[in-house]
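Readers should treat all values here as calculations from the given coordinates under stated rules, not as data from a laboratory. Keep in mind it's a predicted model, so treat the numbers as computed, not measured. All Cβ positions, even for glycine, are placed from backbone atoms using ideal geometry, and neighbour counts span all protein chains on display.
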Amino acid sequence: MKRIEAIVSPNMRDSVVSAIKKVGVGGVTIWHTQGQGAAEAPLVGQYYSKEAIVTVVPDSKVNLILDAIGNVACTGTKGDGKVFVTNVENALDICTKEKGESAI
């Protein structure tokens, strides 16, 4: 399983979530964030508003998700965002007690 974390502009949030859902993801977690990129940072103390969208998917869906995010979130301008993929060792659905991929 992989955790996919997409950090995108707030106006792209709904498009990215829709694209992810079309690939067949069970759920997403979203939170509002602020940050600065590595290149040409804004004034000291100034941060850009972003949305972080997190989902956990089977390994087989990673490239489909990455393509879906890239297709809808890319405007061709600096600051479109980033996507990070990390390994997930296990998962637990607290209510059903299912573990592993069946928990996602």
Surpassing 20 Å at the alpha-carbon level, of the pairs Lys2/Lys61; Lys2/Lys78; Lys22/Lys61; Lys22/Lys99, are Lys2/Lys78; Lys22/Lys99
Once fully extended, how much extra length lies between Lys21 and Glu98, figured as 0.36 nm per residue of separation less the alpha-carbon to alpha-carbon distance?
-> 25.6 nm
Extension gain Leu64-Tyr47, at 0.36 nm per residue separation less the Cα-Cα distance, in nm?
-> 3.1 nm
Just the ratio, please: alpha-carbon radius of gyration of the chain over 2.2 N^0.38 Å, N its number of residues.
-> 1.17
In degrees, nearest ten, helix 13-23 long axis to first principal axis of the chain (Cα) = 30 degrees
Expected sort for Arg3, Arg13 with the fewest Cβ neighbours (10 Å cutoff) up front is Arg3, Arg13
Expressed as an acute angle from 0 to 90° and rounded to the nearest 10, what is the orientation of the C-alpha long axis of helix 62-73 relative to the principal long axis of the chain?
-> 30 degrees
